[in-house]
Every structure is written in structure tokens, then in C-alpha cells.
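A short worksheet on the structure shown next.
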Amino acid sequence: MAIGLTHFLVLATALFLIGMVGVLVRRNAIIMLMSIELMLSATNIAFAAFSRHWGDASGQVFVLMNFAVAAAEAAIGLGILVEIYRRRRTVNVDELKTLME
Amino acid sequence: MWDVILFYFCGSLMLLAGIMMVASRSAVAAACWLIFGFLNAAGIFALLAAPFVAILQVLVYAGAIMVLFLFVIMMLQGPILSAERRPVPGWTWPAVLLPVGVVGAAVAAWFVSAPGTGANAHLPPGFGSAQQVGLLLLNRYLLAFELISIVLLVAIIGALALGLVERRLPWR
């Protein structure tokens with residue numbers, strides 16, 4: 001009944017899959033970026049779960065690294081998004097396929 | 001016992017928040033669900049004997065990053081937002097009580113799963129404190145810490161360059 005490593009890993013996997021489905025299914029670029037944030041958060045939970053399991057706080061240090069990566073990703077992603085919107089008046093990724101054609 | 005209850009409370013609400021975030025039609029609703037999910041993640045971190053990470057989760061993720069998202073949503077989809085309906089009346093009390101409950105659960109998780117007690121009996125006291133994590137960050141992982149600061153610096157410069165008007169960029 002005790003909550004062990006497996007419980008947290010299952011939760012992290014489920015969150016990662018939800019985020020992945022969000023990236024694949026949604027066509028609004030803002031919500032796709034938020035889904036990526038959810039996937040990063042799932043990896044954070046896995047890091048912290050292993051950190052507790054092995055009794056080593058190094059995992060928590062890497063959660064902090066992941067925070068910085070997530071902040072950089074959000075800043076750059078949203079910057080690109082604003083620029084795309086300024087030129088194309090849309091954030092729907094289905095309409096952004098100039099490189100594909 | 002309490003850690004089991006708190007794990008299933010925060011975990012199930014976080015899964016719900018993720019699903020609602022992916023499924024919601026409005027970007028603002030998605031952002032609010034994601035903030036709610038990040039509050040639950042703070043509770044999960046508190047259960048994992050990581051109180052410092054839990055606080056930073058609320059400050060950095062639910063605070064700074066999601067505010068950035070909401071700013072961009074307001075900038076890009078302002079006209080769409082103003083056309084949205086008023087909030088559904090039946091959702092007012094859940095919208096107030098659920099976050100309060102989750103923050104309460106996170107604080108409770110902090111006390112329930114302190115290092116050295118209960119499910120975390122194998123951990124030394126002070127595990128996951130700001131002091132321990134900070135010492136690791138500035139001793140064993142000093143190089144990684146410096147490198148991540150370069151990542152952030154590049155992100156700042158990139159965001160500035162993206163935001164500048166084209167003709168004012170020096171290389172164009």
C-alpha cells in the first residue's frame with residue numbers, strides 16, 4: 001500500500017503521454033508549447049522520484065536545471081510565436097507549412 | 001497512510017489538469033488548467049522530500065513561466081478572448097476551492113513526508129532542503145550550473161533579437 005518509486009514513475013509516464021498527445025493532436029501553437037511544458041514537468045517528477053529512491057539529492061539539482069531549460073524554451077518558443085503571428089496573423093500550425101510545399 | 005491519500009489526491013488532480021489542458025478549446029482555460037496542474041506537481045514534490053523544488057515549482061513554473069504564456073495569449077488572441085462568454089456560474093466555487101485544497105494538500109504533504117519520517121525514513125534530516133541542494137549545485141555540479149546560465153543568456157539574447165523590429169537588427 002505504501003507509495004513507492006513505481007507509483008511516481010507511472011504518474012510521470014501518464015503525464016508525459018498526455019503532453020505528447022497534446023503536441024500531436026492540438027493545432028494551436030500556444031497549447032502545443034504548454035503540452036511541452038507538461039512533458040518537462042513529467043520528467044521533473046521522475047527525477048525527484050529517483051532522487052528520493054536512491055537517497056541522493058543530485059536528482060533535485062537536475063530538476064532545477066530542467067526549470068532553466070523550460071524557462072528558456074518558453075521564452076524562445078513564445079518569441080517565435082509572436083513573430084509568426086506578426087507576419088502571418090495565425091498561430092495555427094496547419095497554416096504554417098510554407099517550408100513543406 | 002496520509003502520504004497515500006495525498007499522492008492519489010495530487011496525482012489524480014494533476015492527470016485531470018493535464019487532460020483538461022489538452023482538451024480545452026480556449027487557450028486561457030488551458031493555461032489555467034496547466035497552472036492548477038503545476039500546483040499539484042508542487043504537492044508531489046513535497047511528498048518526494050523535495051520542499052525546495054516544490055517552492056520553486058510554484059514560483060518559477062506556476063508563477064513566471066505561466067504568466068509569460070498568459071501575456072502572449074492576451075497579446076495574440078485578445079480579440080478572440082473578448083468574444084468569449086462569461087464564466088459558467090456553476091464553476092465559480094470549484095474554481096476557488098480546488099486550488100485552495102491543492103495548496104493545503106501540498107502543505108500537508110510537506111509535513112507528512114518530512115525526511116526521516118514515515119515513507120521517507122531512509123533519508124537523512126535536511127534532505128532536499130535549500131541548503132543541501134544549493135551546496136550540491138555550487139560544488140559537484142558547478143560546471144553544469146555555469147552552462148545552464150549560458151543557456152539562459154542565449155535564450156535572453158534570442159528572445160530580444162526575435163522581438164526587435166527587423167530593420168533595426170545590425171545584420172539585416
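The values are calculated or read from the model by the stated rules, or taken from the named source; none is laboratory data. Keep in mind it's a predicted model, so treat the numbers as computed, not measured. Here the Cβ is made from the backbone with ideal geometry for all residues, glycine too, and neighbour counts use every protein chain on show. Keep in mind that these areas ignore ligands, DNA and RNA; they rest on the heavy atoms of the full protein, side chains included. Shrake-Rupley method; radii C 1.70, N 1.55, O 1.52, S 1.80 Å.
I'd like the residue in the range A:24-39 that is part of a helix (DSSP H, G or I) and more than 9 Å from chain B (Cβ to nearest Cβ) and, out of all such residues, is most open to solvent (accessible area, probe 1.4 Å). Show your work before the answer.
Pass one, the range A:24-39, residues part of a helix (DSSP H, G or I): A:24-25, A:29-39.
From the residues that got through so far, the ones that are more than 9 Å from chain B (Cβ to nearest Cβ) too are A:24, A:29, A:32, A:36, A:39.
Details: A:LEU24: 118, A:ALA29: 12, A:MET32: 36, A:ILE36: 61, A:MET39: 36 Å².
Per the criteria, the residue is A:LEU24.
Considering the range B:122-144 alone, what residues qualify as being in a helix (DSSP H, G or I), open to solvent by 30 Å² or more (accessible area, probe 1.4 Å) and either facing chain A (nearest Cβ under 7 Å) or polar (S, T, N, Q) (or both)?
Answer for the range B:122-144, where residues must be in a helix (DSSP H, G or I), open to solvent by 30 Å² or more (accessible area, probe 1.4 Å) and either facing chain A (nearest Cβ under 7 Å) or polar (S, T, N, Q) (or both): B:GLN131, B:GLN132, B:ALA144.
Can you work out which of the residues in the range A:40-74 that are open to solvent by 30 Å² or more (accessible area, probe 1.4 Å) and not in a helix (DSSP H, G or I) is farthest from B:ASN120 (Cα to Cα)?
Selected residue: A:ASP56.
Evaluate the range A:75-98: report whether one residue or more is under 30 Å from B:GLY126 (Cα atoms), open to solvent by 10 Å² or more (accessible area, probe 1.4 Å), in contact (Cβ under 8 Å) with a residue 12 or more places away in the chain and out of contact with any Phe, Trp or Tyr (no Cβ under 9 Å at 6 or more places or on another chain).
Residues of the range A:75-98 under 30 Å from B:GLY126 (Cα atoms): none.
There is no residue in the range A:75-98 that is under 30 Å from B:GLY126 (Cα atoms), open to solvent by 10 Å² or more (accessible area, probe 1.4 Å), in contact (Cβ under 8 Å) with a residue 12 or more places away in the chain and out of contact with any Phe, Trp or Tyr (no Cβ under 9 Å at 6 or more places or on another chain).
Before we move on, is B:GLY116 modelled with pLDDT under 80, part of a loop (DSSP other than H, G, I, E, B) and either open to solvent by less than 60 Å² (accessible area, probe 1.4 Å) or in contact with a Leu (Cβ under 7 Å, 6 or more places away or on another chain) (or both)?
On the way: modelled with pLDDT under 80: yes; part of a loop (DSSP other than H, G, I, E, B): yes; either open to solvent by less than 60 Å² (accessible area, probe 1.4 Å) or in contact with a Leu (Cβ under 7 Å, 6 or more places away or on another chain) (or both): yes.
Yes; evaluated as a whole, the condition is true for this residue.
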